[in-house]
Amino acid sequence: MLGYLPLFASLASASTLYATHYSGSVYTLSLTHRNGKYDLSLASDMTTCGGMPSWLTLDCDTSTLYCTGRTLYCSDETGDATTNGTLTSYAVGKNGSLTQLAKVVDVGGGVHSVVYEGDEGAKYIAIAHYSGSAVSTFALPIENGDEPLQILRYQTPPGPLPQQDSSHPHQIILDPTGSFILVPDLGTDQVRVYAIDKQSGQLNTCPSLNYTPGSGPRHGLFWSSHHSHRNGLRIQNKAAKTAPQTMLYTVSELSRHFHAFAVSYLPTGCLGFRETQDFVPYPGGKIPDGASLAELQQVGSNLYASIRSDHAFSGNDSLATLSRSQNGTVTFEELTSSYGLVPRTFVINKAGTLVAIGDQSSSNVAIVSRDPASGKLGDLVANIQVGEPGKPGTSTGLSSVIWAE
C-alpha cells in the first residue's frame, strides 16, 4: 500500500482555474491530468460580480508555507467616470468552491487589480478603472458598505488617437520591493507612478514615466535580479553583475511596441527610468494592421506577449515568446498560436509547465504545454468553450482567467 499512493499521485492530478465572462458570470474550471492526458471541464458557474466581471485577483495568507485562507476579488467593468461598478470578494474553499463574502460599490470600469501590503500585515487592493479614468484602493478585507480608501481621478488631456479620448488606466503593477505601484495609462501615454505609504496604505504621487504620444501603454511587469536564483544561490558572473538589478518591461497597445527600462530607486523616494530597448515583438518587426499587443507575462528568462487579431494561425491569434539574456537584453524568439480569437489574458502556472490562455472573442480557455527548461510553448493539451463568444473590439466574451494557486 505504501508504494501505491505515490504511483497513483503520478497518474492523476487536478488543478482549479477561475474565469470571468462579460455576460455576468464567474466560472470554476477543473483541469485533470491522468495517464498523460489532460481534461478541462466546467465545475460550476455563478452569476455574480456585477454586470461585467472583468478581472480576478487571488489573495492568500502568506504567513504559512502553504496558501491558506484564500480570498478571490472580482472587479466589475460596468460603469464609467459618472456611474459605478462593484468589487466583490469570495472565500475559496479547499475544493475550489466560491462563497461570496462582500460586495462594495466602486468606481466604474474596473479592469485590473493588485493586492499590496502595509505595516504590521495590513493589506490593501488597488484597482485600475479604464472607462472610469481612475484608480481606487480599499483596505482589506472588504465588508459590505465599505467605501474606497482612496480614489485618484484623472482629468489629464487625452492623447492624439481616437482610443485616447480620456485617461484609460489599464493595469496595476506592484514593484519587486512592494513599495511602489505603477499604472499604465493607455489614454494619456504614461505609466503613472505611486509610492505606497506603508502606515496608511495611501498612494502618493511620483513623477510619471512618459511615452511618445499615441503609444498607449497597456500592460507591463518588473524583473529583478534579486529573484534570479538557482537552487537558492544568486547567479554570479560578470554579465549578471553588470546587468541592471531591476527592469520594467511594457507593451503598448496602440504603437504595438515593447519597451524596456532600467529602474533606479531615487533618494527622493520615487523611481527613475532609463529606456534600454524599444522594438516590435513580431516577425519582421511589424505587427499586421488591426492587430495589437495585450498581456505581458514572464517566467524565468522568458517573456510572453499576447497579440490580438493578427490571425496568424489558421485564423487564430498569437502569443509571442521573447527571451531575456543575462545582460538584460530582450529578443524576439517565435510566434505560437493562442488557439482562439483575441487573447485578452493568459497566465502561467507556478510550475511553469502550462499556460492558460483566455481568448476573449472566441470565449475559450486554451491550455498549452510549456517546457520549463527552454521556455518554449508546445501543444494544445486542453480546451473548453466558456460562455457565449464575443465580438472583437467590444467588451463581450471571456474577460479573464487565473490559476487557483
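The values are calculated or read from the model by the stated rules, or taken from the named source; none is laboratory data. The model shown is predicted, which means the values in this text are computed figures rather than measured ones. Ideal geometry is used to build each Cβ from the backbone, glycine not excepted, and the neighbour counts take in all protein chains shown. The area values use the complete protein model at the heavy-atom level, side chains included, leaving out ligands, DNA and RNA. Shrake-Rupley method; radii C 1.70, N 1.55, O 1.52, S 1.80 Å.
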- Estimated FRET transfer efficiency (E275, S224; beta-carbon r; R0 22 Å; 0.05): 0.80
- Message: Within 12 Å, Cβ to Cβ, of E295, how many net charges do the neighbouring residues add up to if Lys/Arg are +1 and Asp/Glu are -1?
- Response: 0
- Query: Among rounded, prolate and oblate, which fits region 253-343 when a ≥ b ≥ c are the square roots of the eigenvalues of its C-alpha gyration tensor, a/c under 1.5 means rounded, and a/b larger than b/c means prolate?
  - Reply: prolate
- With every protein chain kept in place and a 1.4 Å probe, the residues H257, H311, H170 fall, from largest accessible area down, as H311, H257, H170
- Task: Once you have a ≥ b ≥ c as the square roots of the Cα gyration tensor eigenvalues for region 244-292, tell me rounded if a/c is under 1.5, and otherwise prolate or oblate according to whether a/b is larger than b/c.
- Result: prolate
- Estimated inter-spin distance, T394 and L42, nm [label 7 Å along Cα→Cβ]: 2.0 nm
- Message: Could you compute the net charge surrounding Y90? Neighbours are other residues with a C-beta less than 12 Å from the C-beta of Y90; K and R count +1, D and E count -1.
- Response: +1
- What's the Kirkwood radius of region 354-405 in Å, using all Cα pairs? 11.8 Å
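Taking the Kirkwood radius as the inverse of the mean 1/r across Cα pairs, report the Rg/Rh of the chain.
Working: Rg = 20.4 Å, Rh = 21.6 Å.
When Rh is taken as the Kirkwood radius, the ratio is 0.94.
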- Accessible surface, per residue, of the chain when the full set of protein chains is kept, probe 1.4 Å, Å²: 43 Å²
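Would you mind getting the Kirkwood hydrodynamic radius of region 272-392 from its Cα pairs, rounded to one decimal in Å?
One decimal place: 14.7 Å for the Kirkwood radius.
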- Message: What does the C-alpha gyration tensor say about the overall shape of region 110-226? Classify as rounded when a/c is under 1.5, otherwise prolate if a/b is larger than b/c, or oblate.
- Response: oblate
- Query: Roughly how much of L149 is accessible, in Å² to the nearest 10, using a 1.4 Å probe?
  - Reply: 60 Å²
- Heavy atoms only, probe 1.4 Å: what % of the accessible area of the chain goes to carbon and sulfur, would you let me know? 52 percent
- Just add up the charged neighbours of G269: K/R +1, D/E -1, any other residue whose Cβ is under 14 Å from the Cβ of G269. -1
- Task: With label points built 7 Å along Cα→Cβ from the Cα atoms of Q385 and S97, find their separation and express it in nm.
- Result: 2.9 nm
- Item | Solvent-accessible area of S166 with every protein chain in place, 1.4 Å probe, in Å² to the nearest 10 | 30 Å²
- Kindly report, to the nearest 10 Å², the accessible surface of V107 as traced by a 1.4 Å probe over protein heavy atoms only. 10 Å²
- Query: Leaving out same-chain residues fewer than 8 places away, which aspartates and glutamates sit with a Cα under 13 Å from that of K103?
  - Reply: D76, E143, D146, E147
- Note on the structure: Nearest-0.05 FRET efficiency for S13 and Q326 at R0 = 22 Å, using Cβ-Cβ distance, is 0.05
- Restricting to aspartates and glutamates and to Cα separations under 13 Å from K37, and discarding same-chain partners fewer than 8 apart, the set is D379
- Item | the chain, relative contact order in percent, only Cα pairs under 8 angstrom and at least six apart counted | 10 percent
- Quick one: order M247, M52 from most to least accessible surface, probe 1.4 Å. M52, M247
- Taking amide H positions as placed 1.01 Å from N in the peptide plane, with prolines and chain starts having none, which residues 5 or more places from V381, or on another chain, fall under 5 Å of its amide H? I367, V368, S369
- For the chain, calculated [θ]222 nm from helices alone, where every DSSP H run of n ≥ 4 adds -39500 (n - 2.57): -1000 deg cm²/dmol
